[in-house]
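Structure record follows, encoded as structure tokens.
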Amino acid sequence: MPTSARQFSTAIFSIIRIDKIDQMLKKTPKKIPMNAAANKNAPKKNGLARKSSKKAAEVAAASKPRKISEYHAHIYYDPQNTRGRAARLRERVAIEFPDARLGRWHDELVGPHTQSMYQIAFASDMLAAFLPWLMLNRDGLTVLLHPETGNDYRDHTAHAAWLGGALPLRLEAFGEQRPDE
Ligand code: ZN
């Protein structure tokens, strides 16, 4: 074989080998763990997994605070024992936070509530001022603070904050609305 032909064939051989080594480096060490990781996180093809991934997307969407249109603080009281305290708190809120909307007194139980209460509705931009004030001035009354995101069930359960300890709620009051609707 002439020298130039041997050099040419050696060069081709080297190119092939380099190409193979390159493929091995690319495929063998990387692709196995990548596939394993991809399979682990890939959405399953059955309905249940699709539903849970849809639910996860909804939870992520609902978790954005810009979905909060306003807040409610439900002030609970006992008509026999703590109505006076609730009335004083109400008067102070009206003076200190004139933009808050004070709801009617509900001595009779309404909606999901298992104690008498009235509601204070207020805009999102009032939260930073009103929440600490309420923490310091609730006078021993239990308060349910919840955002309004359009899902009443979730707003009164997973999204809710309680001052003074959580009270039971009648969640069936939300009717057919399910947690992920
Ligand atoms: Zn409410």
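Here are a few things to note about the model shown:
- Cα gyration tensor shape of region 68-174, rounded if a/c is under 1.5, else prolate or oblate by comparing a/b with b/c: oblate
- Count Lys and Arg as plus one, Asp and Glu as minus one, and take only other residues whose Cβ is under 10 Å from that of Ser116; the net charge is then -2.
- Rounded to the nearest whole Hz, the Karplus-based 3J(HN,Hα) values (6.51 cos²θ - 1.76 cosθ + 1.60, θ = phi - 60°) of region 116-126 follow the sequence 4, 6, 10, 10, 10, 9, 8, 5, 4, 6, 9, with x at glycine and proline.
- Average Cα contact separation per residue, region 84-181, under 8 Å, 6 or more apart, as relative contact order %: 26 percent
Bear in mind these aren't lab numbers, they're just calculated from the coordinates by the rules spelled out. Owing to the predicted nature of the structure, the values given are computational and were not obtained by experimental measurement. Heads up, the Cβs are rebuilt from the backbone with ideal geometry, glycines too, and the neighbour counts pull from every protein chain shown.
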